[in-house]
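Peer 1: Sharing a structure below in structure tokens format, with a few things to ask.
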Amino acid sequence: MTSYVEDLLPGTGMRASRAWLRSSNPKLDLNGRWQFRFWPEPPTGPIADDEDGWDELEVPGHWVLQGYDRPRYTNTAFPFPIDPPRTPAANPTGDHRRWFDLPDDWPRDGAVLRFEGVESCFKVWVNGVEIGTAKGSRLPSEFDVGAVLRPGRNVLAVRVHQWSSGSYLEDQDMWWLPGIFRDVTLLARPVVEDVFVHADYDHLTGGGTLRVAVEPSSARIVVPELGLEFAPGETVDIPRVEPWSAEVPRLYDAQVVAGGETVDVRIGFRTVAMADGLLTVNGRPLFFRGVNRHEHDPLRGRAVSVEAMRQDLALMKQHNVNAVRTAHYPPHPAFLDLCDELGLWVIDECDIETHGFIYTDWRGNPADDPDWAPMMLDRMRRMVERDKNHPSVIIWSLANESDRGRNFGTLAAWTRERDPGRALFYERDRSYEFSDFYSLMYTPLDELERIGTRTEEVTVDDPALEARRRALPFVLAEYAHAMGNGPGGLADYQRVLERYPRLQGGFVWEWIDHGLLLPGVTDYVYGGHFGERVHGANFCIDGLLFPDRTPSPGLLELKKVIEPVRITWSDCLVVHNLQTFGTLDHLEFLWVEELDGVEVRSGRLEVPTVEAGVGVEVVAPVEAKAASVPAGSADRLAGSVGERWLTVRAVLAKDQPWAAAGHEVAWAQFQLVAAASPEQSAVPGAVVSRGDLLEVGGGEFDVRTGRLRRLFGMPVDWPRLDLWRAPTDNDNGQGGKNSATVEWRAAGLDRLKHRVDAVEAGQELVVRSRVAPDGLGSAVAVTYTWRAVADGLRLTVHVVPEGEWQGTAITPRCGSWPRLGVRMAVPAAVQNVRWFGGGPGEAYADSREAARVGRYACTVDELQTPYVVPQENGSRIDVRWAELTDAEGNGLRVEGAPYFQLTARRWTTEELERARHRSDLVPGDRVHLNLDLAQHGLGSASCGPAATADHTLEVAERTFTLTFREFGGQGPGTVP
Ligand code: GAL
């Protein structure tokens, strides 16, 4: 047993923690190719300096992503027996070694070896001399090594153990990824040991106060832009200063100078205060449009590059995100620099999560065991000291999901004393004793409403603590679980969050899918890939970005829902500035008027300066809008034309560091003229019988089954009723609980059988059918009515639920259907889709804010959303008409009455449902269409509430109509 691995010390030989500083002193970057040797169990004895036979690996990096052993993913479970602080005998260990040359001019008076992050425990030797040990994976550690360095060639050896006592504090829902995964640097011994900037802003006077604590106190501080030079500890009043905020991230460059060393710091003036039960910055309550961000790269794991960090932040800003919780550990320090620069509010979270103790009913939880207090406090201290100079960091989070524990009291007390200038956050102690916020995760809307009105139930027995908790502001630490297709309900959340001042916003779970690309594997890997018994499956594939950082439809929806500018038109056109500080002067407002999706006029809107929190009436470029937008209804007839829409867009007027001029920040659409619905009289002419075929309006039907065989000469299969969809992660609920899929399967919706009872030919063709699963008495009576109309064929589908949908003594009730529509197949030659309706991306009942009415075109392949785990996707809503054509532009046109929902894919729903990875989806010899009246909402039940009643597709009698027309080569831009 190697005692430093299992003891409760944070490390040995480490220097005191201090700020991450940019110094003019010499430094040596030790990243790059290192020698490496893997041991399935820790070897005995030190790392020898002279052996041959080493492999090579990249530092920063994780050996499990570079061909050694394998990565492990668990959500809550420890992948080893719970026996704190002991580790399993099989403790994968990586010996790392690197030779380096000390430059000739390297200062003689010492050196510091700095590791930004090593998972989970390591020992260091320099030139064969043992230097120290450290734990705390996502935290820096520094060692004095000056005494053992020699001129010229030196050798650095690092033994890294995957498991340690520290692992019991690192049970975050993510991959376990051992290795030296952040930078390694050799620094000349600093003169400026530490800097702590205190830069306050007085929103009443517009002045700032600056005090900088420095070690040593002989240093000088200069802020050239403000003409300041002063000594550490001195308080300098600045009569006028521009404040820092996430909206206007104004930074002042400063230098701290001592003994020939210059340290660059960037100062942001801002004051964080809890005032009147709310978190305020610079005197104003904040509202978080936040996301939870893990560090992830599909190839490099948590060894993310600075480019990827910048990309994350640019994407956040581009999608109107204004806050990030660094779930669930302090990020690479460069990330926080970028947050200061680009402007994000940050909750910096400590590297502590003991979630796996749920399996012992929290027996032995380190958070409540004073023996673990030093190790936990060490983590808090290392985070706070490292990150204390970032204006973007306004809240320290003590931990994630570690239950209640006395040690949090220790952490909170130390932090409040060390840094009274920031707020504290911890969600999982239901007394909230150590938190400045009341917070929950995945809270249902009705409970959120109660919290907003402070009428939530009592949660703490102690009346004083309960009164304190009730007076706290509320922040949703996590909500809207973005697993697979979803989250649904973002707009509903936003409405409630914006309604009550106590609710200061929330953080969507989570930013990016944690899929990994491993050598020799085509698809993204998630838990279970290696046949391991304990794993979290695809629960880490729950991000707003796909693993390669492509935005998912969920992120586009979020962008629309949280837009910081809202453009409304009830009596008049109003531009609302939902920001906290800035005006909208950085935006310009463009408008376009379209007739049936084709532009008729456009221009720029005159918008005066709009102060934060204010709405300003502007002159509309058109006279009036339609009284109300017609909802989808069956009494409208196909072929509607003449729809007029006004679209107003707020775009960046100038380039920003995170997006170019022209980038769209917000938009709104107003219907000016509703579609006219010309009555389409049926053309005279009865159904014609020809052998075993019946013909009507360009369709050829099987006389016996009533099945459509050909449509305008194109071979087709059906359409017939379809109620099923390939379940989404959110349909499936959490581990089968709260699962619509379970309810739907119990009702046999995935195994419906179709029986045709009558085929009646006359002026129209009527096919009567009963659709029902084996073993149950519930059924749907379906009547398909086909009738010839001018240039086409109209289908009306009437469905009547029959039997025991309400359940019986032994079968559960089935209250909803996944979808209601028809499914049909057309030849694989159909490859292009043009439509007028919602788009350009997929949309569902409770995730449709980002869809705007317009004309769109793409291929069938482009209609698919490539969820890492395949599931229902790609549906386009409010489609008035769609043209599905082959390479020559010939095919089919489908019209709704007025709308339908369109899905087209090269595989069946059943194939989609069976697929576990993208590559399981193989194009077949058909294109499968779903033409739906509606689909059930998405919800976020994979970890949260299901689709709400408003977005439930109820089991009920319904009628819908579709019109099919031949479409041939008229080319793009054809107005119907
Ligand atoms: C939360 C947890 C996250 C993640 C999420 C579900 O409980 O804090 O780390 O597990 O649930 O994906």
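Peer 1: Is there any pair linking a residue in region 318-336 that is in contact (Cβ under 8 Å) with a residue 12 or more places away in the chain and of a type in the set (Phe, Trp, Tyr) to one that is surrounded by fewer than 23 Cβ atoms within 10 Å (Cβ to Cβ) and part of a helix (DSSP H, G or I), with Cβ under 8 Å and at least six apart or on different chains, and which?
Peer 2: That search, which allows pairs on different chains as well, returns PHE335/MET309; PHE335/LEU313.
Peer 1: Here is a further query. Considering only region 919-930, I want to know if a residue exists there that is within 16 Å of the ligand (Cβ to nearest atom), over 19 Å from LEU749 (Cα atoms), surrounded by 17 or more Cβ atoms within 10 Å (Cβ to Cβ) and among the aliphatic types (A, V, I, L, M).
Peer 2: Looking through region 919-930, none of the residues is within 16 Å of the ligand (Cβ to nearest atom), over 19 Å from LEU749 (Cα atoms), surrounded by 17 or more Cβ atoms within 10 Å (Cβ to Cβ) and among the aliphatic types (A, V, I, L, M).
Peer 1: Is it true that TYR359 is at pLDDT 95 or above, assigned by TED's automatic domain parsing to the domain that holds LEU544 and outside any helix (DSSP H, G or I)?
Peer 2: When the stated conditions are applied, TYR359 does not pass them.
Peer 1: Which one of ALA779, ALA772, ALA850 is in contact with a helix residue (DSSP H, G or I) (Cβ under 8 Å, 6 or more places away or on another chain), crowded, with 17+ Cβ neighbours inside 10 Å and farther than 30 Å from GLU966 by Cβ?
Peer 2: Result: ALA850 is the single residue among ALA779, ALA772, ALA850 that is in contact with a helix residue (DSSP H, G or I) (Cβ under 8 Å, 6 or more places away or on another chain), crowded, with 17+ Cβ neighbours inside 10 Å and farther than 30 Å from GLU966 by Cβ.
Peer 1: Further, regarding this structure: Of these, HIS332, HIS355, HIS328, which one is away from the ligand (no atom under 16 Å from the Cβ) and either more than 21 Å from THR415 (Cβ to Cβ) or out of contact with any Phe, Trp or Tyr (no Cβ under 9 Å at 6 or more places or on another chain) (or both)?
Peer 2: It is HIS332.
Peer 1: For residues in region 343-352 being outside any loop (DSSP other than H, G, I, E, B) and charged (D, E, K, R), which is farthest from the ligand (Cβ to nearest atom)?
Peer 2: Per the criteria, the residue is ASP348.
Peer 1: What single numbered condition from (1) under 21 Å from ARG182 (Cβ atoms); (2) in contact (Cβ under 8 Å) with a residue 60 or more places away in the chain; (3) in a loop (DSSP other than H, G, I, E, B); (4) not β-branched (Val, Ile, Thr) fails to hold for PRO85?
Peer 2: (1)
Peer 1: Still on this structure: With the condition being at pLDDT 95 or above and acidic (Asp, Glu), I'd like the strands (runs of 3 or more DSSP E) fully within region 518-622 carrying at least 1 qualifying residues.
Peer 2: Result: 587-595, 598-605, 615-618.
Peer 1: Could you identify the single residue in ASP69, ASP49, ASP83, ASP7 that is more than 16 Å from the ligand (Cβ to nearest atom) and on the phi > 0 side of the Ramachandran plot?
Peer 2: Answer to the selection: ASP69.
Peer 1: Now a separate question. Looking at (1) in a helix (DSSP H, G or I); (2) at pLDDT below 95, find the lone condition where ARG108 falls short.
Peer 2: (1)
Peer 1: Filter region 438-487 down to the residues that are within 15 Å of the ligand (Cβ to nearest atom) and of a type in the set (A, V, I, L, M, F, W, C), then identify the one that is farthest from PHE288 (Cα to Cα).
Peer 2: Only one residue tops the list, namely MET483.
Peer 1: Let me ask another. Out of the residues in region 389-404 meeting the condition of being of a type outside the set (D, E, K, R) and touching a helix residue (DSSP H, G or I) at 6+ places or on another chain (Cβ under 6 Å), tell me which one is nearest to the ligand (Cβ to nearest atom).
Peer 2: Taking the candidates together, the pick is SER402.
Peer 1: Would you confirm, using the coordinates I've provided, whether GLU247 is farther than 16 Å from ARG22 by Cβ and touching a residue at least 60 places away in the same chain (Cβ under 8 Å)?
Peer 2: When the stated conditions are applied, GLU247 passes them.
Peer 1: Can you find, within region 362-400, the residue that is nearest to the chain's Cα centre (by Cα) among those that are assigned to a loop (DSSP other than H, G, I, E, B) and either β-branched (Val, Ile, Thr) or within 13 Å of ALA19 (Cα to Cα) (or both)?
Peer 2: Once the filter is applied, the top-ranked residue is HIS390.
Peer 1: Does GLU51 qualify as being farther than 30 Å from HIS355 by Cα, surrounded by fewer than 19 Cβ atoms within 10 Å (Cβ to Cβ) and in contact (Cβ under 8 Å) with a residue 24 or more places away in the chain?
Peer 2: When the stated conditions are applied, GLU51 does not pass them.
Peer 1: Looking at HIS535, HIS514, HIS481, can you tell me which residue is touching a residue at least 40 places away in the same chain (Cβ under 8 Å), within 24 Å of ARG70 (Cα to Cα) and buried (at least 24 other Cβ atoms within 10 Å of the Cβ)?
Peer 2: HIS514
Peer 1: Can I ask one more? For TYR493, which of the numbered conditions (1) of a type in the set (Phe, Trp, Tyr); (2) assigned to a loop (DSSP other than H, G, I, E, B); (3) crowded, with 20+ Cβ neighbours inside 10 Å fails to hold?
Peer 2: Status for TYR493: all satisfied but (2).
Peer 1: Let me ask something else. Quick one: GLY277 ticks every box in (1) surrounded by 21 or more Cβ atoms within 10 Å (Cβ to Cβ); (2) closer than 27 Å to ARG428 by Cβ bar one, so which box is it?
Peer 2: Result: GLY277 fails condition (1) only.
The values are calculated or read from the model by the stated rules, or taken from the named source; none is laboratory data. As the structure is a computational prediction, the values presented were derived from the model and not from experiment. Cβ: placed from backbone, ideal geometry, glycine included. Neighbour counts: every protein chain shown.
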